[in-house]
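Visitor: Please see the structure below; I have some questions.
Please treat every number below as a calculation from the coordinates, not as lab data. Computed from a prediction, not measured in an experiment: that's the story for all the values here. With ideal geometry, Cβ positions are generated from the backbone for all residues, glycine too; neighbour counts draw on all protein chains shown.
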Amino acid sequence: MTALSITPTAADTTLHETPGGRIWRRFLANPIACVSLVIIVCFAVIAIGTALLGAGGWHWPYDPNLTNLEQKLLPPSPLHWLGTDNLGRDVFSRMLNGASISLFVGLIAVAVSLGIGVVVGAIAGYFGGLTDTILMRSVDALICFPTFFLILTAVAILGPSLLNIVVIIGLVSWTGTARLVRGEFLTIRETEYVKGARVLGQKDWKIIFRHILPNASAPIFVTAVLGIPDAILTEAGLSFLGFGVQPPQATWGNIIADSKTYLLEAWWLILFPGMAIFIASLAFYLAGDALREAAQSRE
Amino acid sequence: MSAFIIRRLCLTVVLLFIISIISFFIVTLTPGSPYPWGELNPKISAEVKANFRKKFHLDRPLPEQYAFIMRDLFHGDLRSVKDDRPVLSRIIERLPATLALNFTAMLISLSFGTLLGVYAARHAGHWQDILGSFVAFLFIALPGFWISYLIVIGLVKAFGVPILGTQSYGIDFPNALAAGLDRIWHLLIPAIVLSIGGIASQSRYLRASMIETLREDYIRTARSKGLSEEVTLYKHALRNSIRPLITGIGMLLPGLLSGSVIIENIFAYPGLGRLGYEAVLERDYPTLVALNFVVAALVLLGNLLSDLLYAIVDKRVRLE
Amino acid sequence: MLSIRDLKIGFSSGDSVTPALRGVSLELGRGETLAIVGESGSGKSVTALAITRLLPSPPAVYEEGSIYFEGNDLLKASDAELRRVRGGKIAYIFQEPSTSLNPVYTIRSQIAEMIQLHRPDVGKDRKSIDAEVIHWLDAVGIHEAARRLHDYPHQLSGGMQQRVMIAMALSARPDLLIADEPTTALDVTIQAQILDKLRELQRELGMAVLLITHNFAIIRGLARNVAVMYRGEVVEQGETEQVLREPRHPYTKALIACIPRLGDKRRRPPTIGNLEAL
């Protein structure tokens, strides 16, 4: 037997860990996860920073909407780090703004989809029976619709504005969350503490919010993180087709779309925005996957 | 087996019905003008608007509208706003191209996804597995339009290799085989780009499933029989691991069709995705309603087929 | 034929390695039957699986020792050599027949696989293979074998599944059959039948049998020699009759005392006490 010691050992610290803390620790132990997190943080800082500065009227390095036809279609140079587009606008500045849009789209679309998905899934999973069957069959039907066709249809009717797009994307992506949440609820509903709460006569809403939902929060959070790059990629695709955010507002997708006719001469107009989309999405996917591993692994 | 088929068919019919309702509601319930030319356009007289409303039954109550639209659709009376041709015939025109593209993409996704998944599962926990996961996420994060554009620029503009459309124009092919190969060539690149995301997702499903299967006792039995690791993996383990792959098809098919909107656009491939794009530009709502219905129905049928095929492979499913 | 010398195996988890076998030595000659008896955790299954390196290698760690089979040390054998021995020379039957057979293949195809791999003397055509499969299904006592050829494992009872496993193992005509708790998961009535069948087949085929069990009662008449294992070591070895009559090790004595006997007047079942001191 080891002698009693007052200096904390590793065993001591893990005893006092919260579940969140444990997940966080495992997450940080993964090098890929750390790199992704750094990228995400940079992305967020750039996005928020640019938005705030832009709201205050400061632009760096250039005003993204400032056109200068004499400077159009310049390749990357020390003056214009990523070149200029067909209207002479600085690509780098436009991309910084694009970051804000992408982050906004990612967060709001996920918020919408999470809101709907959690509610539907919770109701189906908690009440079960006929409610569950009806809701889930409807979800099954909805999943059959390729989301892009739905989005295009809605955009055709409502018109492409940033808010419309964000809400529409959220409206077509909640089905996965709903299924997940339903599954979690079905399992957690059968646990002893939930049964106990019901026996004690607790109201359904209370049980859902105080007992079940917190225990399902890890997978829900993972889904949210993984939903952000989905939304960003969808918005980029929409913008590329011309149905996303309209110019002159800059998103990574519409920088590429704007310059479709010049793409042969101006390779920088497609390479950099595309890379940005790719790297941002990859970072979120890797982080989300690492989070899922951290939440699931048994130690 | 027949009980299973009947049950699946009934479910399919029910879902098809729900799909039709949803398709109908998307357009009808979305706030906004039903007129393709905008509500307040002064050039359009009230009479034209009234005719339009009559033609599309917009004055009747909703359930009747639904019934009318369904009937019109299948009788070929639902006509496109653009050229007044029956919507259904426009769709059927493009259907073979879309089916060819998506079916090919699905095959590529399933086969390469399986290979990648088995590779990762076999070396689970080691660097090969981590590499496999990383590659999978690389694929998922890759914006389809980006990679497509780079390919088009590279091959078409830089090297002059024709890949747009379904066939090379302006070239006389000596025989049907050459023409056929040309068509396959034009199909292949878009299908490969389309399948990239699918390869990734299917490989993840298979890897997880395979790792579970490899823990089973009968895998130990297979090894104790002196079977090589390849035979153990591909004969004994794989057949027991494909269930998630089949359910994965349920998510794969809508994903492929979604992706084909952009891919068909870039590669000038005349399929349903392209039709959707054009319909949005023209605000051709009848086409859009029908299109949503048709693609969803295609997904549903695809699921039905894959479930039936799976039931042939694994008899236990039929007893469920 | 089989000679295990001072085998030490551990299981790693995280940074530590937990010892499972602490130096096991056993000998088995051609055509002989050896029973390894012990409680769960004694290391008997680990010993059995280690012989052809069937233990999943992380986490198993082969620390020391050698396993000589017909002159070759299997622990140092190449993968190809190992595959030749598995099935063809050393065949296994496992404890849980319901999970040890592949659920998506017919019993015919699983037995045929064994035959095609290890029996070059059987013709490659369907008829010859079917005939051989039926022969072995008969031999293990499955009635109307021809009709059961295309059955799936889940369509058979536990006892039948185990018979199929035995048929599959024997169809390769191995020199050694390793039976890891073959009857533990079965009904008591079926147990006796399976064990009788094993005894019969062993006599007919003249193969060696390594029988792993926790049940002392079943080895009589089946195993000439017995090795008693406790906590990763062999604590007593010898001829079965001898050991049963005059057990020397306290653990063996306790194990034997646990065998239920008709007319046993003791009211409380004996327990194997804490043998830390060993």
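Visitor: Of the options A:Asn164, A:Val120, A:Met95, report the single residue whose Cα projects farthest towards the positive end of the charge dipole of segment A:42-190 (beta-carbon charges: Lys, Arg +1; Asp, Glu -1).
Guide: A:Val120
Visitor: If you put +1 on each Lys and Arg Cβ and -1 on each Asp and Glu Cβ, how big is the dipole of chain C around its Cα centre, in Debye rounded to 20?
Guide: 500 debye
Visitor: Rounded to the nearest 0.05, what FRET efficiency do C:Lys124 and B:Arg8 give with R0 = 41 Å and r taken as the Cβ-Cβ distance? Could you check?
Guide: Once rounded, the FRET efficiency stands at 0.55.
Visitor: Considering the dipole of the protein assembly as shown built from charges on the beta carbon (Lys and Arg +1, Asp and Glu -1) around the Cα centre, which of C:Leu34, B:Ala141, C:Ile115 is farthest to its positive end?
Guide: The listed residue farthest towards the positive side: C:Leu34.
Visitor: Find out how many positive minus negative residues lie around C:Thr18, taking Lys and Arg as positive, Asp and Glu as negative, among other residues whose Cβ is under 14 Å from that of C:Thr18.
Guide: Charge balance in the 14 Å sphere: +1.
Visitor: Okay, next question. Taking other Cβ within 10 Å of each residue's Cβ, how do B:Phe293, B:Phe139 sort, fewest first?
Guide: Ranking B:Phe293, B:Phe139 by Cβ neighbours within 10 Å, fewest first, gives B:Phe139, B:Phe293.
Visitor: Roughly what % antiparallel, to the nearest 5, for the DSSP beta bridges in chain C?
Guide: Of the beta bridges lying entirely in chain C, close to 60 percent run antiparallel.
Visitor: Can you show me the helix-derived [θ] at 222 nm for chain C, built from DSSP H runs with n ≥ 4 at -39,500 (n - 2.57) apiece and divided by the number of residues, rounded to the nearest 500.
Guide: One gets -9500 deg cm²/dmol as the mean residue ellipticity at 222 nm.
Visitor: When only Cα pairs under 8 Å and 6 or more residues apart are kept, what is the percent relative contact order across chain A?
Guide: Across chain A, relative contact order equals 24 percent.
Visitor: Explain nothing, just the number: dipole magnitude of the protein assembly as shown about its Cα centre with +1 on each Lys and Arg Cβ and -1 on each Asp and Glu Cβ, in debye rounded to the nearest 20.
Guide: 1580 debye
Visitor: OK, next. What size of dipole, in debye to the nearest 20, comes out for chain A about its Cα centre when the only charges are +1 on Lys and Arg C-beta atoms and -1 on Asp and Glu C-beta atoms?
Guide: 760 debye
Visitor: Arrange B:Phe137, C:Phe94 by Cβ neighbour counts within 10 Å, fewest through most, would you?
Guide: The fewest-first ordering by Cβ neighbours comes to B:Phe137, C:Phe94.
Visitor: What does DSSP give for the protein assembly as shown in terms of the percent of beta bridges that are antiparallel, rounded to the nearest 5?
Guide: Here the antiparallel bridges make up roughly 60 percent for the protein assembly as shown.
Visitor: Suppose a student asked you for the relative contact order of segment B:192-252, using Cα pairs under 8 Å spaced at least 6 residues apart; what percent would you report?
Guide: RCO, segment B:192-252: 46 percent.
Visitor: What order do you get for C:Ile134, B:Ile312, B:Ile19 when you list them from fewest to most C-beta neighbours inside 10 Å?
Guide: Ascending number of Cβ neighbours within 10 Å: B:Ile312, C:Ile134, B:Ile19.
Visitor: Show me, bin by bin at 5 Å from 0, the whole-percent P(r) of chain A based on Cα pairs.
Guide: 1, 5, 10, 12, 13, 13, 12, 10, 8, 6, 4, 3, 2, 1, 0, 0, 0
Visitor: Of A:Ala224, A:Leu180, A:Phe272, which is farthest along the charge dipole of segment A:165-299 in the positive direction, counting Lys and Arg as +1 and Asp and Glu as -1 at C-beta?
Guide: A:Leu180
Visitor: Calculate, in nm to one decimal, what A:Glu190 and A:Leu69 gain on full extension: separation in residues at 0.36 nm each, minus their alpha carbon distance.
Guide: 36.9 nm
Visitor: Can you pull the one-decimal nm distance between simple spin-label points at B:Gln65 and C:Ser16, each 7 Å off the Cα toward Cβ?
Guide: Taking the simple label geometry, B:Gln65 and C:Ser16 are separated by 7.1 nm.
Visitor: How do the peptides A:26-33, A:98-105, B:280-287 rank, highest first, by the average count of neighbouring beta carbon atoms within 10 Å per residue?
Guide: With the highest mean Cβ count within 10 Å placed first, the list reads A:98-105, B:280-287, A:26-33.
Visitor: Sort segment C:1-103 into rounded, prolate or oblate with this rule: let a ≥ b ≥ c be the square roots of the eigenvalues of the Cα gyration tensor; rounded if a/c is under 1.5, and if a/c is not under 1.5, prolate when a/b is larger than b/c, oblate otherwise.
Guide: Rounded.
Visitor: Are any of the pairs B:Lys235/C:Lys124; C:Lys76/C:Lys197; C:Lys8/C:Lys89; C:Lys76/C:Lys127; C:Lys8/C:Lys265 more than 31 Å apart by Cα-Cα distance, and if so, which?
Guide: Flagged as over cut-off: C:Lys76/C:Lys197; C:Lys76/C:Lys127; C:Lys8/C:Lys265.
Visitor: What base-10 log of the normalised intensity I(q)/I(0) is obtained for the protein assembly as shown from the Debye formula, alpha carbons as equal point scatterers, at q = 0.07, 0.08, 0.09 Å⁻¹?
Guide: With no solvent term, the Cα-only Debye profile gives -0.75, -0.92, -1.07.
Visitor: In deg cm²/dmol, rounded to 500, what helix-only [θ] at 222 nm does chain A give when every DSSP H run of at least 4 residues adds -39500 (n - 2.57) and the total is split over its residues?
Guide: Mean residue ellipticity at 222 nm (helix-derived): -23000 deg cm²/dmol.
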